[in-house]
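The values are calculated or read from the model by the stated rules, or taken from the named source; none is laboratory data. Predicted model, so just to flag it, every value in this text is computed and none were measured. With ideal geometry, Cβ positions are generated from the backbone for all residues, glycine too; neighbour counts draw on all protein chains shown. Just so you know, the surface numbers come from the protein's heavy atoms only, side chains and all, with ligands and any DNA or RNA stripped out. Shrake-Rupley method; radii C 1.70, N 1.55, O 1.52, S 1.80 Å.
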Amino acid sequence: MRRFDFVTLRLFVAIADEGQLTAAAQREHMALAAVSKRVSDLEAMVGSELLYRRSRGVELTPAGQAFLHHARRILEDVARLEAELSEYGEGVRGHVRIHSNTSAIIAFLPQDLSAFSREYPQIKLDLQERNSAEAISAVQDGIADVGIFAGHVAADGLEVRPYRHDQLVLVTPEDHPLSQREQLFLHEATEHDFVGLQQDTSLQSLLHEQANQAGRTLRMRIQVRSFDAICRMIHHGMGIGVLPQRTLYRDLRDLRLRLIPLADDWARREIVIGMRHYETLPVVARHLVDHLLQPRQAQGASFFDKS
């Protein structure tokens with residue numbers, strides 16, 4: 001195993017991507033005979049066939065699939081190492097990779113990351129928006145240092161710390177039959193059409209799960225890609241929806257919407273920070289986690305809160 005080299009790893013990834021030795025050889029600027037020998041030597045080294053040779057190309061064996069997974073991870077780590085070392089040469093002292101769900105990115109992270117950047121201007125932050133399950137997987141797989149996600153989603157193997165809370169609210173047009181309620185339970189709204197998110201997010205899964213537990217079904221009339229689109233559909237009478245209250249901001253002030261807090265216990269969601277192990281995080285990532293976990297004053301009411 002110690003005789004693996006990066007050329008062979010890149011070559012194997014190219015073979016998996018192209019499905020042909022000839023195409024992989026062209027992509028890596030190698031002679032076909034050299035490619036065949038490297039693959040044969042690699043299979044001899046690991047003691048197992050990694051490729052099925054077919055008349056029209058090659059396919060990965062189960063051992064080849066396992067090798068490909070680790071080869072990609074190794075090459076990604078090396079690329080990140082090169083990038084971070086080059087940043088040190090340019091005077092940047094660190095790099096933290098964060099994957100976060102949409103709710104946190106809209107409601108909490110802008111101000112928190114801005115304050116962190118003012119305190120540590122030479123630490124680079126790489127933030128990517130993902131759903132909660134994807135953020136968890138990214139941390140588990142080592143793609144992200146830190147994940148921020150809904151606390152009700154299982155995060156096996158991760159160390160989790162509480163970050164913030166958000167309140168789920170029912171969003172209706174101002175003239176909707178439910179619009180004058182001060183609060184209500186989700187099951188009381190299930191006779192009406194809903195507008196929700198298109199992708200399989202933790203929020204959508206939570207709503208469907210809770211409706212099912214109450215013996216009801218959500219009537220999803222329209223599914224869109226963003227919180228903003230949900231609000232605009234509701235404004236035009238296409239249904240009602242459930243959103244985190246802190247995600248509703250002034251850029252939607254032209255919309256005639258009513259927010260009604262959900263009275264269900266689960267509607268006050270916990271947003272958490274997850275990492276593989278705090279003690280093994282790079283120092284710069286620990287600085288970020290410490291900053292995010294600092295106590296802060298409660299946020300003010302959202303723009304649409306009419307109470």
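A few comments on the model shown:
- Exposure of MET238 as accessible area (Å², to 10), given a probe of 1.4 Å and all protein chains: 60 Å²
- Phi angles across the stretch 225-240 convert, under the Karplus curve 6.51 cos²θ - 1.76 cosθ + 1.60 with θ = phi - 60°, into 3J(HN,Hα) values of 9, 8, 4, 4, 5, 4, 4, 5, 5, 5, 3, 8, x, 8, x, 10 Hz, Gly and Pro given as x.
- For HIS277, solvent-accessible area (1.4 Å; no DNA, RNA or ligand), Å²: 100 Å²
- Debye log10 I(q)/I(0) at q = 0.09, 0.13, 0.15 Å⁻¹ for the chain, Cα point scatterers: -0.63, -0.97, -1.10
- q = 0.11, 0.14 Å⁻¹: log10 I(q)/I(0) that the Debye formula gives for the stretch 128-247, counting C-alpha atoms only: -0.42, -0.65
- Summing Cβ point charges (Lys, Arg +1; Asp, Glu -1) relative to the Cα centre of the chain gives a dipole of roughly 300 debye.
- Entry comment: accessible area of the stretch 131-201 is 43 Å² per residue, from protein heavy atoms only and a probe of 1.4 Å.
- Surface share of carbon and sulfur [accessible, 1.4 angstrom probe, percent] for the chain: 49 percent
- For GLN20, residues with placed amide H under 5 Å, excluding near neighbours: VAL58
- FRET efficiency, 1/(1 + (r/R0)^6) with R0 35 Å, evaluated for ASP264 and ARG72 via beta carbons: 0.25
- Positive-end residue of LEU255, VAL139, ALA107, charge dipole of the chain with Cβ unit charges: LEU255
- Placing VAL46, VAL160 in order of accessible area, with the largest value first and a 1.4 Å probe, yields VAL160, VAL46.
- Residues whose amide H comes within less than 5 Å of that of ILE123, counting only those at least five positions distant or on another chain, are ARG93 (H built at 1.01 Å from N in the peptide plane).
- Solvent-accessible ranking of TYR52, TYR278, largest area first, probe 1.4 Å: TYR52, TYR278
- Angle between the chain longest axis and helix 32-46 axis [Cα atoms, degrees, rounded to 10]: 80 degrees
- Accessible surface of PHE185, taken over heavy atoms with a 1.4 Å probe and every protein chain present, rounds to 90 Å².
- For LEU51, the amide hydrogen comes within under 5 Å of the amide hydrogens of THR61, counting only partners 5 or more places away or on other chains and with H modelled in the peptide plane.
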